[in-house]
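These notes are about the structure you will find just below.
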Amino acid sequence: MDKLTIAGRSFASRLMVGTGKFASNELMAAALNASGSDIVTVALRRVDIDKPDDDLLAHIDRDRFLLLPNTSGARDAEEAVRLARLARAAGCEPWVKLEVTPDPYYLLPDPIETLKAAEILVKDGFTVLPYINADPVLAKHLQEVGTATVMPLGAPIGTNKGVRTRDSIAIIIEQAIVPVVVDAGLGAPSHAAEAMEMGADAVLVNTALAVTPDPARMAAAFAKGVEAGREAYLAGLGAIKDQAEASSPLTGFLRD
Amino acid sequence: MTFLNEFNQWTPERVQQLIDAAGPAQVEQALANEHLRLMDLAALLSPAAEGYLEQLAQRAHRLTQQRFGKTIQLYAPLYLSNLCCNSCLYCGFNADNQMERRTLSLDEVEAEARILHERGFRHIQLLTGEAPGAVENAYLAAAVQKIRPFFSSISIEVYPMDECGYAQMVAAGVDNLTVYQETYERSLYDELHPYGPKRDFDWRLNAAERGGSAGLRSIGIGALLGLSDWRKEGFYVGLHARYLAKHFWRSRINISFPRLRPADGGFKPLAPVSDAALVQLICVMRLLMPDSALVLSTRESASLRDHLLPLGITQISAGSSTSPGGYGQQAESSQQFAIDDDRDAEEICSMLRAQGYDPVFKDWDRAFLDNSNR
Ligand code: SF4
């Protein structure tokens, strides 16, 4: 079937879920289950990896989900690399969602530090999934240093604004040689569907699930949005009729 | 993954199936998509798309003007040698053909270069046959260095080299590489190249990416039209172009559309390509690769070239000679193929201006490559 493959590993679901901002760990666990997701990101700064009974981790079924530690909170490459190595030393798989966000207001990713950290972590044997602004050239540089995906933002984290960076994401998708995961800003299942219709390989959602009164129900709705968008992309969207401009025929000479 | 891996997954049967499966619905879908998927490429190359030729042309035209404006870049070929140890059945330089063989001395190269420079050309393409031992990297590099003062851009269309060889060319001052696969159909390729080093299909196929790895700024590919079914060849050229554009994203990808011309040896096209087919192919390539240079040589007639220009072409050669030393001589002999459009640069420029285009002779500067002034 149409599986998502990242760094040689296949996943049935194309929806990734974040774990921040939930009102309780129980609501979070219910949302994760309802999402059908295979990949769950966790902010390293929030968990006590050394303690297996850490409250947050205890609510994530690690046999079912790939736990993708993220480096949120890191302000530069050095901090991000340190966090990633700590997670690995504590027994996590060497997969990391790389986030370097020095700006505490919009949490926008720093392209220069992200690239630096990605290069170091790839060389260090990590499977790196970098969170970036929707910058096609940066995406290419990251692919070149060996990241396993690129994760451009649709809109700033937590804004629920949808795919505001649409044109740039379209270019990234067109040119990518690794999976493109649209991350951040998706506030409604229709946003997720839109990203998938455009040809994104997966999406990641967190706030949209965490802040609704019924996270599990919203997670299920997102799962459907992702699936619908993917199916539509594979089927090929109906043509939007592009009326030809009135201009003289260009192929008339073939009949002369 | 190299292109060879991807290419091997697309057997001619699989490509044919995709093309055959396309009907009007797929063609309309493909025409509406901003970025073509591989199935769209197949649909637009299919017989079903023939009924949409004018729409295809209009879209290719709009896209080209959007990306390139009304400019056409001019270049001239310069044949350095017709020595060849290969036996390509379709080529006038075929080792079996009796002809006067010569390789220009560096002084002769300079003399030819001066003539082309005086005619206004600043983009030049150097061509040779394939004669290891006689015409090799060191000679080419020396020729490039000799003519550097006359040209801003130097392109090579020669035997495939290894990555070191291409790096040597970049260091000498070459910025563009052209290497045609001739045909992407392996079995036919074998038949058409009975002996000589060119028989190595895979080595040739991966030449473009070796050039990309060596840092060439633009890479030209194409199929020799008339050897095999143009629809399948078009699909493979598109597959190749897309791969190169994704992996060597700093380089521009150029696509050429050489149609087989009469040559010594009397080879007849095995799968003739009509004018309408050529139009379809050029338009589809424009839709697939909106920012690629599409190149048309003087193999085509003057009137056809004039009509093809608005469909997506961005580079043309002019006043070409296809024999070594041909620019300095009166009567040409032993040419690689017969040209059709024999207008000189001036005539081509007036035609372009009459059609509302600006002829561009210089669109690149050696300073990008030169480090002598650092
Ligand atoms: S196509 Fe090239 S290699 Fe083949 S015979 Fe002609 S000059 Fe030689």
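We did not get these values from a lab; they are worked out from the coordinates using the rules stated. Remember, predicted model here, so these are calculated numbers, not experimental data. So basically every Cβ, Gly included, is an ideal-geometry build from the backbone, and we count neighbours across all protein chains shown.
Annotation: cysteines of chain B without a disulfide-compatible partner (Cβ-Cβ under 4.7 angstrom) are B:C84, B:C85, B:C164, B:C283, B:C349. Under 5 Å between amide hydrogens, built in the peptide plane, is the criterion, and for B:I219 it picks out B:L177, B:R252, B:I253, B:N254 among residues at least 5 positions away or on other chains. Each residue in B:R210, B:R102 was given a count of other beta-carbon atoms within 10 angstrom of its own, and listing them fewest first yields B:R102, B:R210.
Could you grab the relative contact order for chain B? Cα pairs under 8 Å, six or more apart, rounded to a whole percent. Mind dumping the intermediate values first?
Numbers: 709 pairs, mean separation 88.2, N = 374.
Taking the mean separation of contacting Cα pairs over the length of chain B, I get 24 percent.
Result for chain A in a Gaussian network model with C-alpha springs under 10 Å: among A:A23, A:A117, A:A193, the largest mean-square fluctuation is at A:A23.
Charge tally for A:F253 (other residues, Cβ to Cβ under 11 Å; Lys, Arg +1; Asp, Glu -1): -2.
Give the range of the longest stretch in chain B that excludes all GluC sites (Glu not before Pro) found in loop regions by DSSP and having at most 15 other beta-carbon atoms within 10 Å. Show your work: numbers first, answer last.
Numbers: sites that count: B:E34, B:E100, B:E136, B:E332.
Value returned for the longest uninterrupted segment is B:137-331.
With respect to chain A, whose longest principal axis is taken over its alpha-carbon atoms, helix A:111-123 is tilted by about 70°.
Which ordering of B:F151, A:F253, B:F248 is given by a fewest-first count of other beta-carbon atoms within 10 Å? Kindly include the intermediate steps, with their values, before the conclusion.
Numbers: B:F151 25, A:F253 14, B:F248 21.
Ranking B:F151, A:F253, B:F248 by Cβ neighbours within 10 Å, fewest first, gives A:F253, B:F248, B:F151.
The calculated FRET efficiency for B:F361 paired with B:A276, based on their beta-carbon distance and R0 = 41 Å, is about 0.80. Close lysine pairs were tallied over chain A: pairs 8 or more places apart or on different chains with Cα atoms under 24 Å apart number 15. Inter-part distance, segment B:42-76 to segment B:133-180, computed on C-alpha centroids, equals 31 Å.
Seen from B:R231, the other residues with C-beta closer than 13 Å to its C-beta sum to a net charge of -4, counting Lys and Arg as +1 and Asp and Glu as -1.
For segment B:3-363, the square roots of the Cα gyration tensor eigenvalues, ordered a ≥ b ≥ c, give a/c of at least 1.5 with a/b greater than b/c, which places it in the prolate category. Exposure proxy shown here: for A:C92, B:C164, B:C84, B:C283, the number of other Cβ atoms within 10 Å sets the order, fewest to most, as B:C164, A:C92, B:C84, B:C283. Dividing the mean sequence gap of close Cα pairs (under 8 Å, 6+ apart) by how many residues chain A holds gives a relative contact order of 19 percent.
Going through segment A:77-182, which chymotrypsin sites (Phe, Trp or Tyr not before Pro) have at most 15 other Cβ atoms within 10 Å and a DSSP loop state?
Numbers: sites: A:W95, A:Y105, A:Y106, A:F126, A:Y131; in loops: A:Y105, A:Y106, A:F126.
Loop-located and lightly packed - A:Y105, A:Y106.
When a/c is below 1.5 the answer is rounded, else prolate if a/b is larger than b/c, else oblate, so apply that to segment A:4-235 with a ≥ b ≥ c taken from the square roots of the Cα gyration tensor eigenvalues. Before the final figure, lay out the partial values.
Values: a/c = 1.45, a/b = 1.03, b/c = 1.41.
Here segment A:4-235 falls in the rounded category.
DSSP beta bridges confined to chain A are antiparallel in about 10 percent of cases. Across segment B:193-349, C-alpha contacts under 8 Å between residues 6 or more apart give a mean separation that, scaled by the residue count, equals a relative contact order of 20 percent. Among B:H240, B:H193, B:H307, the residue with the largest mean-square fluctuation in a Gaussian network model of chain B, with springs joining Cα atoms closer than 10 Å, is B:H307.
Residue-wise HN-Hα couplings along segment A:24-29, as the Karplus relation 6.51 cos²θ - 1.76 cosθ + 1.60 with θ = phi - 60° gives them from phi, are 8, 5, 5, 4, 4, 4 Hz; Gly and Pro carry x.
Within the set of other residues whose C-beta is less than 10 Å from the C-beta of B:L56, count the net charge using Lys and Arg as +1 and Asp and Glu as -1. Every neighbour counted, the sum reads 0. For chain B, the longest principal axis of the Cα atoms and the long axis of helix B:163-172 meet at an angle of about 60 degrees.
Of all beta bridges that DSSP places with both ends in segment B:3-363, some 5 percent have antiparallel geometry.
When a/c is below 1.5 the answer is rounded, else prolate if a/b is larger than b/c, else oblate, so apply that to segment B:189-274 with a ≥ b ≥ c taken from the square roots of the Cα gyration tensor eigenvalues. Because a/c hits 1.5 or more and a/b exceeds b/c, segment B:189-274 counts as prolate. Comparing Cα centroids, segment A:77-92 and segment A:141-212 end up 25 angstrom apart. Lys-Lys pairs in segment B:3-363 that are eight or more residues apart or on separate chains and whose Cα atoms lie under 29 Å of each other come to 10.
Here the protein assembly as shown carries DSSP beta bridges of which approximately 5% are antiparallel, counting only pairs with both residues inside. Compared with the dominant Cα axis of chain B, that is its longest principal axis, helix B:106-118 is turned about 60°. When the Gaussian network model of chain A links Cα atoms closer than 10 Å, the mean-square fluctuations of A:P94, A:P215, A:P104 top out at A:P104.
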